[in-house]
Each structure stands twice: as C-alpha cells, then as structure tokens.
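Laboratory data are not the source of any read-out in this text; all were calculated from the coordinates shown. Every value quoted in this text rests on a predicted model; they were computed, and no experiment measured them. Cβ placement follows ideal geometry from the backbone for every residue including glycine, while neighbour counts extend to all protein chains displayed.
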Amino acid sequence: MSLRSQSDPYIIGIIDRLQRAGYETYLVGGAVRDILLNRKPKDYDISTSATPEEVRRVFRDRRTMIIGRRFRLVHLYKGRDITEISTFRKQPQREDQTECPKHFDQAPENMIFRDNEFGSALDDAFRRDFTVNAIFYDPVHDIVVDHTGLGLKDLENGIVRTIGNPELRFEEDPVRILRAIKLAGQYGFHMEPATEAAVRKKMELIHLASPSRLTLELEKILKSPYTSQLLRAFHEYGFLAHYLPNLDEVFDTPQVQYSLALLDMRCERICGGLFRTSLSSAIAMLTLPFVELHYGETHEPGGLWAYYPGIESDMKGLIRDIFHPMCLTHRTTADTVCNLMMQPKLHALKKFRDMVNRNGYSSARELAIIQNILIWNIADFEERCPVPERMSRPTIRRKRGRPHQRMSRKDEKDLMQEDELSATMDSGCEMSPNYEEGGDSTAEE
C-alpha cells in the first residue's frame, strides 16, 4: 500500500494547490510519523515556503485565519475541521529573544520566545525537535524526504532522539520534554541515552513553559485514545510530579488504578470504533473514582452516591484539585460533572426516555458501559442502555441585508440547546482559549 493512499484526499488537494501556486509544500510532523507506522493520523499539519499572508492569498475563497505570536501560522477551516499550515522556519537569532513573557522573573539564556524567522525546508527540518518528527512527505508526488538522515531509521527502530544537543533543545523549549515522553509512552519507543539523560536533568524547566501551552497539551493527552499509557509514562519518568503533582501523589492508590483501568477500556473501544475521543469523557473516567471515594456510599470503586444540594459544586472543586495547576475551561468542567451525575441513573436503568437526548448523555453512557464491564456486571446493560438519536434542528441564521430582529424566546432556547450539544459532542478539533500564546504545535509534533 502506497503512502499516498493512506493520506486524506482533502489534505492532498491543499498541498497540490500550494504547489501549483509555486510554493514548496509538504505534509509534516506527527501525520507523517503515523502514516509511516500504518496508523491513521488524528490530524494533519502542512509546512510550506509560502508566508502566512501568501497562504491566505492562495486560499482566498476559503475561510483562513493567521494565529499565534510565538509561532505564526494559518488555520484553514472546513466546517469544524482545522488544518494548520505553517511556513518553513530557521533557527531564530539570539537578539530576537530579548522579550521575556510576563510570567518569567528572568528569561533562561537559551529559551526561544519568538520563532517567526522564515527559512528553507532544510532549515525547518533541523530546527525541529526529534528525528522522527522531521520527516517530510509530498503526497502529490509520493516522495518522502528525510533531511536529518536519521528519521526513518529511528522510526523503524523505535528511538526518540533529539536533533542536535539534547540539553540545548530542551532549554530552547521545555515543552519538548513532555513530547519526548509522549513519544515513548504512546508508541512504546525508547529514548537514546543522551536524550533520556537530558530529559531527566532538565525536567524542572517545564515550570517555565506557557500555562496555555501546557493546558493545550493536556487536552491533547486526554482526548487521545492513549491517555492511560501516557499518564503511566509520565509517572515512570518522574514527569507527572511536575505536570500534575496532585495526581502523582496518589498515583499508587486504588482510585488511580481504577481510573487507569477505565481509560484502558476506553482506549480499546475507541480503537475499535465504538467510542469517540471525547475530552469530558476522559476527564470523567479519571475523576470518577475520587468522586466515589469522597461522596459514594461505599467509598470504593463502583460505589455510587446520593444527590444532595451543592454536590455539583463540590465535584467541580474536586476536578480542579486533581488537575491543578492546569486550568480546564468552565464548559469542559461542567460537561464532566454532567457525565458523572448521570451515573446513578444509568446504573438504575431508569428514565431513559427523558435522558437519551440530554446533553452529555453519550459520554455518560460510555462511562457507564465501561463501569458495567469492570464492576457492575448488569446483564445486557449495553443493549438496555439506548444509543442517543442525533438531533438535527436547523441552525437559525439571519440573512444579510435585513434589519436586526430579536429572536423569539423559543428560538433562543433552541439555539442555546444546539450550542450546548455541539460543546458536549467534543470529538472535533478544539483550541485552548489562550492558544495564541504558544501556537507551535505544527513545528514540534
């Protein structure tokens, strides 16, 4: 099977259009890595010789947006899907790194705060983080380009190796430490000795990374079907103590082990096409055992709780404590609490007619199904727990050129329900609210 046949035709069309406009363009990063490993990419990143402004001119018939300050790139929209298009970079000059973010008392000597110095494809490859992430692919002509000469070999042997001096690369961007461990945890790779030594030596630098970037990485981890593997790898390398210290402190307790068992089962069902990669569902599975411990009748895994006024607020506080110092959005936390609060009703198998089309029911059902497999053992539970129907109300839009008219209360309520449903069905691409502060995911992952 050729690599081209494994690539998304829509993405091939974007690359072809940029090439026809005269710009050298490749598929880059994690998508190439996954295609070469015969895995389906979760998203596609494109790198080109065109500047962000030139990319916008090429796609003037489509919705585009230039985002980011640290790393400027273009978001190309197709419905709710976003394709990131970045410009080839070269290593930035030291004199461009004098501006220090507000959350730093003093800028580390080698840390990069601006990465917008454009270069060639060769420059771009050698300023990336790891050899397995520096492989370029042209799906239009079906050509693989490995500028470092080590990417394909390391991918075949399952090796995580930095490009250049490992300590220097982690000082330039501490988030690379997180990504090195992610590669080891998600793919079962092992780090070459110098890279592993640098990861352990420079691990505390992660506290200097932008909070918005760290939260965005957390969202990616939780939406991934490999959440449990990544959390275990973080704990094994000692990184979890710096990233999610409250979770690391209780990692060996029965509650965390039950959380990992829930997430393991979720991974199996996602890979089997049965579940979605829902953010709120993953958070609910990670926090459920702690809710059972604090509010459950038996205080043990699988034990349920009785409702009392204010329990939702208490659950939100518990979720914030578990994920401290990361800051989840209010909507994500509210969706998670909704999933958790449905568990007693789903266990009782009552009032389905009223619940099936409620916001959050799909994610709550997934959690209940896994709980039943692991602990409840209710016969025919999945068959008796109905699949929600898709709600298909048309979106209410105002026509251009007509005077502003206030919606009726019924229309406003319907529109609000649609917005909440879209937020709950969170399997699509999401952005951190502060994404602008550190949008260099294309360059590194």
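Among His147, His141, His207, what is the fewest-to-most ranking by other Cβ atoms within 10 Å?
His141, His207, His147
Among Ser278, Ser362, rank each residue by its count of other Cβ atoms within 10 Å, from fewest to most, as a rough exposure measure. Walk me through the numbers before you get to the answer.
On the way: Ser278 26, Ser362 22.
The fewest-first ordering by Cβ neighbours comes to Ser362, Ser278.
If I model a spin label at Ser120 and Leu349 as a point 7 Å from the Cα along the Cα→Cβ vector, what separation in nanometres do I get?
It works out to 6.9 nm between the two label points.
Using 26 Å as the Cα-Cα cut-off, could you pick out the over-long pairs in Lys42/Lys78; Lys42/Lys182; Lys202/Lys316; Lys182/Lys345; Lys78/Lys220; Lys40/Lys78?
Too far apart for the 26 Å limit: Lys202/Lys316; Lys182/Lys345.
For Arg89, which sequence-distant residues (separation of 5 or more, or a different chain) have an amide H within less than 5 Å of its own amide H, given hydrogens modelled in the peptide plane?
Gly119, Asp124
Please list the non-local residues whose amide H lies under 5 Å from the amide H of Gly164, H modeled 1.01 Å from N, same-chain partners needing a gap of 5 or more.
Here the answer is none, since no amide H 5 or more places off falls under 5 Å of that of Gly164.
Within a 10 angstrom radius of the beta carbon, how do Thr333, Thr64, Thr48 rank from fewest other beta carbons to most?
Fewest to most other Cβ atoms nearby, the residues stand as Thr64, Thr333, Thr48.
Extending each Cα 7 Å along its Cβ direction at Arg69 and Ser2, get the distance between those two points in nm, one decimal.
4.5
Whole-Hz Karplus ³J(HN,Hα) for the stretch 17-30, in order, using 6.51 cos²θ - 1.76 cosθ + 1.60 and θ = phi - 60°, x for Gly and Pro?
With the stated coefficients, the stretch 17-30 comes to 5, 5, 5, 5, 7, x, 10, 5, 9, 9, 7, 9, x, x Hz.
Per residue of the stretch 157-169, in order, report the coupling 6.51 cos²θ - 1.76 cosθ + 1.60 (Karplus, θ = phi - 60°) as ³J(HN,Hα) in whole Hz, putting x for Gly and Pro.
In residue order, the calculated couplings are 8, x, 10, 9, 9, 6, 8, x, 5, x, 4, 5, 5 Hz.
Under 5 Å between amide H atoms, partner at least 5 residues away or on a different chain: which partners does Ile135 have, H built in plane at 1.01 Å?
Residues meeting the amide H criterion: Gly29.
May I ask you to evaluate 6.51 cos²θ - 1.76 cosθ + 1.60, the Karplus curve with θ = phi - 60°, for each residue of the stretch 79-84 and list the ³J(HN,Hα) values in order in whole Hz, giving x for glycine and proline?
Computed from phi, the couplings for the stretch 79-84 are x, 8, 7, 10, 10, 8 Hz.
Which order, highest average first, do 211-218, 127-134, 325-332 follow once you tally other Cβ atoms within 10 Å for each residue and take the mean per peptide?
On the way: 211-218: 20.1, 127-134: 26.0, 325-332: 15.8.
Highest to lowest by the protection proxy: 127-134, 211-218, 325-332.
How much length would be gained if the chain were fully extended between Ile373 and Asn165, taking 0.36 nm per residue of separation minus their Cα-Cα distance, in nm to one decimal? Spell out each step's value before the answer.
Numbers: separation 208, 0.36 × 208 = 74.88 nm, distance 4.76 nm.
Extra length from Ile373 to Asn165 when fully extended: 70.1 nm.
Quick check on the stretch 206-304: take the gyration tensor over C-alpha atoms, sort the square-rooted eigenvalues as a ≥ b ≥ c, and tell me if it's rounded (a/c under 1.5), prolate or oblate.
Oblate, because a/c is 1.5 or more while a/b does not exceed b/c.
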